[in-house]
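The values are calculated or read from the model by the stated rules, or taken from the named source; none is laboratory data. These figures come from a predicted structure and were not determined experimentally. Please note: Cβ atoms are built from the backbone with ideal geometry, for glycine as well, and neighbour counts cover all protein chains shown. Note: accessible area is taken over every heavy atom of the protein model, side chains too, but ligands, DNA and RNA are not part of it. Shrake-Rupley method; radii C 1.70, N 1.55, O 1.52, S 1.80 Å.
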Amino acid sequence: MTLPLVSSPHYSFGFPERHRFPMRKFELLLEHLQKQGIATKQNTYRPGKARQDLLELAHCPEYLTRFISGQLSDKEVRRMGLPWSTDLVKRTLIAPNGTLLTAGLALRHGLACHLAGGTHHAHHDFASGYCILNDLAIASLALLAQSKVQRVLIFDCDVHQGDGTAAILQNVPEITTCSIHCEKNFPHRKAKSDIDVDLPKGVSDQEYLQIVDHTLDRALDISRPDLVIFDAGVDVYEHDPLGMLNISSDGIRAREAMVIKNVRSLNIPLATVIGGGYDKDQSALARRHAMVVEEAHRYQNQVS
Ligand SMILES: [Zn+2]
């Protein structure tokens, strides 16, 4: 079985080069996977824009309208952290559908990877920290509403807490939110996930991998999910400018391999999203984001 991948040519668009957000990483990631033969025309799916009713499962209609029509206040745009443009709107409306498509493919094929997604700081009615719409919440609420799953685990290993996801889903017992993040990092006011693991600054590979392993076990045990959505943020990397942890490239690859193996060996469908990563060297960053897809590809080839 080839591994289904999801990407859109609209994910990267003309963007101020000096901006801290690495908007080119999405196309560089797809190119890197194409070069290795992991992404081909046959296994790469292209999502369209999400319908409004889907977005309203997690977001305030009035907020959606104001974002789409460019009516956010200066203060709201500052909190979003990205300059508003029609291209930004387009990619933002596609990405949640990308995560939903990936989750659907995972339910059908066992394992699927979105080459974007993980915008976990997006709240019900405001954007924050480069996150505008919460694809993790939207996709899991949509699958629940469509009765395609009974229970979902969102396993978030981005270095920042998944505060938007936790807040949006706080009263949804069918969806378990789990965030392993650096305590001292953004957001400074944390929300309450079902499981939060606050890591001190500077944690390194061995300790980190043990914590991820143990926490995943605990989360699977509590959630008993029909689907796991894994946010494989690579801003845990030792040299990530927004990181504060001390995780090596090998450590990240070991994390991806471990999560994939632990979930899939229980035969639970697994959808991955890329999450955060802010290295100024966007090619190196794309190679780091590729690790979760490479490890999924490797796992798929081992078992089939
Ligand atoms: Zn992050």
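Computed over the alpha carbons of the stretch 251-302, Rg followed by Dmax gives 11.8, 38 Å. Of the cross-linked pairs K25/K148; K25/K49; K41/K90, those separated by over 26 Å at the C-alpha level are K25/K148. Cross-link reach is defined here as a Cα-Cα straight distance under 12 Å, omitting same-chain residues fewer than 8 places apart; for K190 the aspartates and glutamates meeting it are D163, D198. Based on C-alpha pairs under 8 angstrom that are at least 6 apart in sequence, the chain has a relative contact order of 21 percent.
Listed by chain and number, the aspartates and glutamates whose C-alpha is less than 19 Å from the C-alpha of K75, apart from same-chain residues fewer than 8 away, are E62, D125.
With the convex hull drawn over the C-alpha atoms of the stretch 147-304, the volume per residue is 107 Å³. Would you work out the relative contact order for the stretch 133-215, in percent, from Cα pairs under 8 angstrom that are 6 or more residues apart? After rounding, I find 26 percent. Overall form of the stretch 13-122: oblate. Here a/c, set by the Cα gyration tensor axes a ≥ b ≥ c, is 1.5 or more, and a/b is not larger than b/c. Highest mobility in the GNM of the chain, judged by mean-square fluctuation with C-alpha springs under 10 Å and restricted to C182, C113, C60, is found for C60. Summarise the accessible area of the chain (1.4 Å probe, protein heavy atoms) by the percent that is carbon and sulfur. In the chain, the share of accessible area belonging to carbon and sulfur is 48 percent.
Nearest 5 is fine: what % of DSSP beta bridges in the chain come out antiparallel, could you say? Bridges in the chain are about 5 percent antiparallel.
Summed over the residues of the chain and divided among them, the accessible surface reaches 42 Å² per residue at a probe radius of 1.4 Å. Protection proxy ranking of 11-22, 97-108, by the mean of other Cβ atoms within 10 Å over each peptide's residues and highest first, is 97-108, 11-22. Considering only D156, D281, D231, the mean-square fluctuation computed in a Gaussian network model of the chain, springs between alpha carbons under 10 angstrom, is largest for D281.
Would you please classify the overall shape of the chain from the alpha carbon gyration tensor, given that a ≥ b ≥ c denote the square roots of the eigenvalues, rounded means a/c under 1.5, and beyond that prolate means a/b larger than b/c while oblate covers the rest? Because its axes are fairly even, with a/c under 1.5, the chain counts as rounded. Evaluated with a Cβ-only charge set (Lys, Arg +1; Asp, Glu -1), the stretch 146-304 carries a dipole of roughly 300 debye about its Cα centre, given to the nearest 20. Looking at the square roots a ≥ b ≥ c of the eigenvalues of the Cα gyration tensor of the stretch 122-228, which shape do they give, rounded for a/c under 1.5, prolate if a/b is larger than b/c, or oblate? Oblate, because a/c is 1.5 or more while a/b does not exceed b/c. Straight-line reach from K192: taking Cα to Cα under 18 Å and skipping same-chain neighbours fewer than 8 places apart, the lysines in range are K184.
Sorting 158-166, 191-199, 128-136 by average packing, meaning the other beta carbons within 10 Å per residue, from highest down gives 158-166, 128-136, 191-199.
In whole angstrom, note down how far apart the Cα centers of the stretch 111-149 and the stretch 232-275 are. A separation of 18 Å, based on Cα centres.
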